[in-house]
Amino acid sequence: MHPDDSSTSDAGTVITFGTFDVFHIGHLAVLERAAALGGRLVVGVSSDALNLGKKGRQPVFPQEERLTIVAALRCVDAVFVEESLELKSSYIREHGASTLVMGDDWAGKFDDMQEFCRVVYLSRTPAVSTTAIIEKISGSSG
Ligand code: C2G
């Protein structure tokens with residue numbers, strides 16, 4: 001699906017982060033591709049408070065539900081709440097991650113984490129987003 005993924009796989013722990021609100025196929029694709037880069041995938045799911053600060057709105061689904069959905073996926077081994085964007089290096093250390101994966105909407109933003117692990121940015125799945133889904137649903141109900 002994403003022929004541009006060129007990073008190699010190893011047996012280590014991969015860590016990635018996201019809100020994963022109104023879970024959709026682009027979320028699944030990035031998690032499956034992240035999992036393929038290592039032996040174990042750990043996901044930091046943004047807290048409601050972090051999302052409010054980052055995007056200026058409350059997520060549609062509260063953090064406990066978003067965590068439960070992500071934890072249930074076959075490609076995910078563990079989840080935790082991401083409380084702050086600034087704590088990346090602590091989370092990487094705590095979970096023993098050897099690879100950090102982020103979508104390329106964050107390209108370059110976490111290059112300083114290369115001090116602690118490999119950093120890989122994966123291309124986003126085109127034409128799908130939580131914001132577009134919310135707009136489509138609210139448009140069709142009015
Ligand atoms: N994603 C994707 N394709 C899409 C939409 C999202 O590959 N069409 C990816 C994003 O690039 C990200 C993940 O899915 O890697 C989760 O996306 P969001 O929930 O939008 O995550 P975000 O709010 O950007 O949170 O510490 C960083 C953050 O917590 C990232």
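So here's what we get for this one:
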read-out	value
Qualifying residue in region 14-37 (condition: touching a strand residue (DSSP E or B) at 6+ places or on another chain (Cβ under 8 Å) and at pLDDT below 95)	no
Flag for Thr16 being within 12 Å of the chain's Cα centre (by Cα), crowded, with 17+ Cβ neighbours inside 10 Å and assigned to a strand (DSSP E or B)	yes
Number of the condition not met by Gln114 [criteria: (1) within 22 Å of Arg40 (Cα to Cα); (2) touching a residue at least 24 places away in the same chain (Cβ under 8 Å)]	(2)
Residue list for region 32-49, restricted to those being small (Gly, Ala, Ser) and either under 19 Å from Leu85 (Cα atoms) or touching a residue at least 60 places away in the same chain (Cβ under 8 Å) (or both)	Ala34, Gly38, Gly44, Ser46, Ser47, Ala49
Residue tally, condition within 15 Å of the ligand (Cβ to nearest atom), within 23 Å of Gly56 (Cβ to Cβ) and not small (Gly, Ala, Ser), over region 113-142	8
Residue satisfying all of: in region 92-112; within 9 Å of the ligand (Cβ to nearest atom) and of a type outside the set (A, V, I, L, M); nearest to the chain's Cα centre (by Cα) among these	Gly103
Residues (away from the ligand (no atom under 12 Å from the Cβ) and under 26 Å from Ser98 (Cα atoms)) located in region 18-69	Ala35, Ala36, Leu37, Gly38, Gly39, Arg40, Leu41, Val42, Leu67, Thr68
Test: residue in region 65-88 that is modelled with pLDDT under 95 and either of a type in the set (Phe, Trp, Tyr) or more than 18 Å from Val22 (Cα to Cα) (or both)	yes
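The values are calculated or read from the model by the stated rules, or taken from the named source; none is laboratory data. In this text, all values refer to a predicted model and were calculated from it rather than measured experimentally. Positions of Cβ are backbone-derived with ideal geometry, glycine not excepted, and every protein chain shown enters the neighbour counts.
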